[in-house]
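Student: The structure follows.
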Amino acid sequence: MRTSVVLFTCDLRLSDHPPLRAASGPGRRVVPLFVRDPAVDRAGFAVPNRLAFLAECLRDLDARLRERGGRLVVREGDTVSEVCRVAAEADACEVHMAADVSVFAQRKERRLRRELESAGRRLHVHEAVSTAVPPGAVTPASSDHFAVFTPYYRRWSQQGLREVLAAPRRVVVPEEVASAPLPEGTEVAGVSPGLCAGGESEGRRRLAAWLRSGVGAYEDRHDDLAADATSRLSPHLHFGTLSPVEVVHRARGAGGAGTEAFVRQIAWRDFNRQVLAARPDATGRDYRTRDDRWRTGKDAERDAEAWRRGRTGYPVVDAAMRQLRHEGWMHNRGRLLAASFLTKTLYVDWRIGARHFLDLLVDGDMANNQLNWQWMAGTGTDTRPNRVLNPVTQGKRYDPDGAYVRRWVEELAQVPGGTVHEPWKLPEEVRADTGYPGPLLPLSEGLDRFRRARGRR
Ligand code: FAD
């Protein structure tokens, strides 16, 4: 019987999974393998929220495989060595896996190919598993990647997507291949209390509910902080419990006004991946440097810590930062405001903010996080690098009634309506009673400093 190994990485699902589909079929055996690699953890993956979510994804994947007669094989160690070992134990002739853009993943893929080939086995790497349109599939005439979103999106929209693949009905796993125990999500300490649930079953349930009753209002309501009217599918797209190809097909199939605005966001995800594939150093280096000399030293660290703790004195920024800590997730408008405040009002290096986000975000993702931070800091692909978001006017615009602030900033829970965005205007005795801090600095001071810094050459 022909045997294949399917290596799962950021694609923890059975539905619409090209590597699994290519490996399975009548008369074939498959080892569905996940490797817990300490090198991945050391590279910054191992934070409580993502570890807990991952554990749920693996349990769900195992359960879904068992429904089909199979099971998940989990191993711990160096990915390349473990894949080769499992392939030898199962006498597999080939290994299937999804393509990935990070330098880390590509280095691993090259090493794996070499080692497998030296043992007479083949590696098949499948595109359009973790993206809808693979990086490099569309390029401008003069470069290996698009640096501006709008023309990218035009070309992206014209690409024909592959068809959605059904999950295999039956998976036969060789008995001789043993598995380490599945990780327990409940064993992870320090998880955000409001963390969402992981796993393909949960992802599919969320997607169905979103397409039924959420996406229609997306275009009008996606920026409304209190309405919480975005899909919240980002952790599922990050861990691959949902396929971006399937999400786009099904969203388009659902039709309605909000659909294309939503699909456009999936294109942003692909856009960031094609930037990172071409410029892997953009995870840590300015994509387009503005020669910033970011603030450092004690004052800058004190300000950054107030930002991390949600105690800047600017309610909408603090609400967003507290949502991040509580849920391991933050509304996109909150992310923009928090990032603008740190980099432009406090003039603190975007890498410090990006690190904090990666420490907590369940969807924390090198491409999306680092490149969105760079976009907001003005060192990325943004065409308006000096734009500064004013947290008071933005708060009044995207949280006009103040409900988002009151939800997350308990000191201000009794302050009515939109006045909550300017607590310094409350009568002094009322303000002092709330215990909420005064503003870290006047906005005009931050703006002057930023303009001076960016103005110099
Ligand atoms: P929806 O609005 O429902 O969008 C659907 C999907 O499109 C999202 O799930 C996501 O996969 C994708 N998407 C949406 N907005 C963007 C965007 N601006 N860039 C790329 N893809 C997008 N997203 C992450 O997935 N991981 C991150 O680590 C991350 N860090 C960010 C950091 C900053 C400073 C900023 C400004 C944005 C960041 N984003 C990140 C993008 C965006 O904020 C989240 O994807 C979105 O808020 C997730 O919520 P949702 O699933 O409800 O999104």
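Student: Which aspartates and glutamates does Lys298 reach when only Cα atoms under 15 Å apart count, and residues fewer than 8 places away in its own chain are ignored?
Tutor: Within reach: Asp349.
Student: How high is the FRET efficiency between Asp291 and Ala119 when r is their beta carbon distance and R₀ equals 41 Å, given to the nearest 0.05?
Tutor: Here the calculated transfer efficiency is 0.25.
Student: Could I ask something else about it? Scan region 33-64 for trypsin sites (Lys or Arg not before Pro) in coil per DSSP, keeping those whose Cβ has at most 13 other Cβ atoms within 10 Å, and list them by number.
Tutor: none
Student: Kindly provide the chymotrypsin sites (Phe, Trp or Tyr not before Pro) of region 353-457 that DSSP labels as loop, not H, G, I, E or B, and whose Cβ sees at most 15 other Cβ atoms within 10 Å.
Tutor: Those that pass, being in a loop and sparsely packed, number zero.
Student: Report, ordered by chain and residue number, the lysines lying within cross-link reach of Lys108, taken as a straight Cα distance under 16 Å and ignoring same-chain residues fewer than 8 apart.
Tutor: Output for Lys108: empty list, no partners.
Student: Please give the per residue accessible area of the chain, computed with a probe of 1.4 Å over protein heavy atoms only, in Å².
Tutor: Accessible surface, normalised per residue, equals 42 Å².
Student: Can you give me the % of accessible surface on the chain that is carbon or sulfur? Probe 1.4 Å, all protein chains present, nothing else counted.
Tutor: Within the chain, the accessible surface is 49 percent carbon and sulfur.
Student: By how many degrees, 0 to 90 and rounded to 10, does the Cα axis of helix 366-377 deviate from the longest principal axis of the chain?
Tutor: So the helix axis and the longest Cα principal axis differ by about 20 degrees.
Student: From the C-alpha coordinates alone, can you work out the Kirkwood hydrodynamic radius of region 1-137, in Å?
Tutor: Hydrodynamic radius (Kirkwood, Cα pairs) of region 1-137 is 15.4 Å.
Student: Working from Cα positions, state the angle (0 to 90°, nearest 10) between the long axis of helix 149-158 and the longest principal axis of the chain.
Tutor: Rounded to the nearest ten degrees, it is 40.
Student: Next question, about the same structure. Tell me the angle of helix 259-278 to the major Cα principal axis of the chain, expressed in degrees between 0 and 90 and rounded to the nearest ten.
Tutor: Value to nearest ten degrees: 80.
Student: Further question on the same structure: I'd like the Karplus ³J(HN,Hα) series for region 56-68: coefficients 6.51, -1.76, 1.60, θ = phi - 60°, whole numbers in Hz, and an x wherever there's a Gly or Pro.
Tutor: Listing the rounded values in order: 5, 4, 5, 5, 5, 4, 4, 4, 5, 5, 4, 4, 10 Hz.
Student: Leu123's amide H: which non-local residues (gap 5+, or another chain) put their own amide H closer than 5 Å, with H modeled 1.01 Å from N in plane and none for Pro or chain starts?
Tutor: For Leu123, the qualifying residues are Val95.
Student: Taking the dipole about the Cα centre of the chain, with the C-beta of Lys and Arg at +1 and of Asp and Glu at -1, give me whichever of Thr259, Pro18, Phe271 is farthest to the positive side.
Tutor: Going by the Cα projections, it comes out as Phe271.
Student: Continuing with the same structure: Could you list which residues have their amide H under 5 Å from that of Gly258, counting only those 5 or more apart in sequence or on another chain, with H placed in the peptide plane?
Tutor: Hits under the 5 Å cutoff: Tyr218, Glu219.
Student: Can you pull the semi-axes for the chain, root of five times each eigenvalue of the Cα gyration tensor, sorted largest first, whole Å?
Tutor: In descending order, the three semi-axes are 41, 23, 22 Å.
Student: Okay, moving on. Under 18 Å Cα to Cα from Lys396, which lysines show up? Leave out anything in the same chain fewer than 8 places away.
Tutor: The reachable lysines, counting only those whose Cα sits under 18 Å from Lys396, are Lys425.
Student: Cα atoms only: what Rg and Dmax, in Å, come out for region 298-452?
Tutor: Considering region 298-452 through its Cα atoms, Rg and Dmax are 14.8, 46 Å.
Student: Hey, another quick one. Give me the dipole magnitude in Debye, nearest 20, for the chain about the Cα centre, with unit charges on the beta carbon: positive for Lys and Arg, negative for Asp and Glu.
Tutor: Approximately 1140 debye in magnitude.
Student: Restrict the search to region 127-202; then list the GluC sites (Glu not before Pro) that DSSP places in a loop and that have at most 12 other Cβ atoms within 10 Å of their Cβ.
Tutor: Answer in residue order: Glu163, Glu175, Glu176, Glu184.
The values are calculated or read from the model by the stated rules, or taken from the named source; none is laboratory data. All values reported here derive from a predicted model rather than from experimental measurement. Positions of Cβ are generated from backbone atoms using ideal geometry, with glycine treated the same way; all protein chains shown enter the neighbour counts. What goes into the accessible areas is simple: the full protein's heavy atoms, side chains included, and nothing from ligands, DNA or RNA. Shrake-Rupley method; radii C 1.70, N 1.55, O 1.52, S 1.80 Å.
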